[in-house]
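Beneath this line is the structure, given in structure tokens, with notes to follow.
The values are calculated or read from the model by the stated rules, or taken from the named source; none is laboratory data. Computed from a predicted model, the values in this text were never measured in an experiment. Using ideal geometry, Cβ is built from the backbone for each residue, glycine included, and neighbour counts are taken over all protein chains shown. To get the accessible areas, we keep the full protein, side chains included, count just its heavy atoms, and leave off ligands, DNA and RNA. Shrake-Rupley method; radii C 1.70, N 1.55, O 1.52, S 1.80 Å.
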Amino acid sequence: MSIGLIGLLDDVAGIAKVAAASLDDVASQAARAGAKAAGVVIDDTAVTPGYVIGFEPKRELPIVGRIAAGSLRNKLLILLPAALVLSYFLPWTITPLLMLGGAYLCYEGVEKVLEAVMPHQAHQHEAQLETVALNAQSVEDEKVASAVKTDFILSAEIMAITLAALPAGSIWKQALVLAVVAIGITVAVYGVVALIVKADDVGVALATNDRASLVGRALGRGIVRSMPVLLKILSVVGTAAMIWVGGGIILHGLEAYGPPAIEHAVKAAAEAVAHAVPPVAALLEWVVEAAISGVIGLLVGAASIPVVGFVVAPAWKWLKHLLQRGQNRPAQ
């Protein structure tokens, strides 16, 4: 009995070691894959605060929480299973779908640029569009729906990058890594967003706190004065990020489906500029590729404005009214 018990304990210890090694492997794979998606994560962080601007301070954190919950649903309930199914059964569809999402990001970014430089034309375009939410009861519902929609595209890119970075292996391990990355990135992004949108409240509390030191009150006043500038910068960065990331997705897709000359021309331009200044060659190569992605994003976004206005918007209005009519129909 004692020998059998020792053998059983030895087996349990061996299983525990394998499980621990597997968890370590999942954690390391998740960290590596998440690092590769860092660019899109930064874009997501820059875009989101713009959806909270203009609301009462007491609604800021609840709105961030609603967007974060929508983001988590996007990643875990839709994108994770979809990514696994498509990668195993229809791998050829992933790139075209990502290109479609990239085109949407370009459209969103160029629409914001149009609103800034040509507000009258932007208002005419917005008048053609229907609200995003199926049954929006308030401006907040519409803002949250719009943020979750944009997050869906960015999350799809994050999940695709993560999946591409994983080695071949068990589908369950890949699913676990994707889930770890999804939860970790969502917590990180919306945690930072929450800090950004509530920083002005922290500044006010410091500036008006009689118990705080002179340095503390001065710091509080500095935070309050700098937040509008920071939010404006984030708005600009978020818009540029959507255009750049969307253009980058399109460019990457063109490398797979377009003429090889496109990829060669981009690489040649980036390498030529990089070789001109060897000390910062890697940085310059990235800047050139990002600039080309931005130009492609602007062109795609500009071309998509009339398509959305005259094709997509009428189709969405028809579908939305059809769905609403189905929801409002009394039960038999």
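See the values below:
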quantity	calculated
Accessible area of D200 in the full protein assembly, 1.4 Å probe (Å², nearest 10)	50
W172, W286, W318, W244, reordered so the largest accessible area comes first (probe 1.4 Å)	W172, W318, W286, W244
Reduced Cα scattering model of the stretch 252-305, Debye log10 I(q)/I(0), q = 0.14, 0.16, 0.20, 0.31 Å⁻¹	-0.42, -0.53, -0.75, -1.13
Ranked packing of 224-234, 296-306, most packed first, by mean Cβ within 10 Å	296-306, 224-234
Residue-span extension gain [V229 to V187] - 0.36 nm each, minus C-alpha spacing	12.6 nm
Sequence of E56, E157, E255 when ordered by accessible area, the most exposed leading, probe 1.4 angstrom	E56, E255, E157
Listed residues H264, H321, H275 arranged by accessible area, highest first, probe 1.4 Å	H275, H264, H321
Accessible-area value, E263, 1.4 Å probe, nucleic acids and ligands omitted, Å²	60
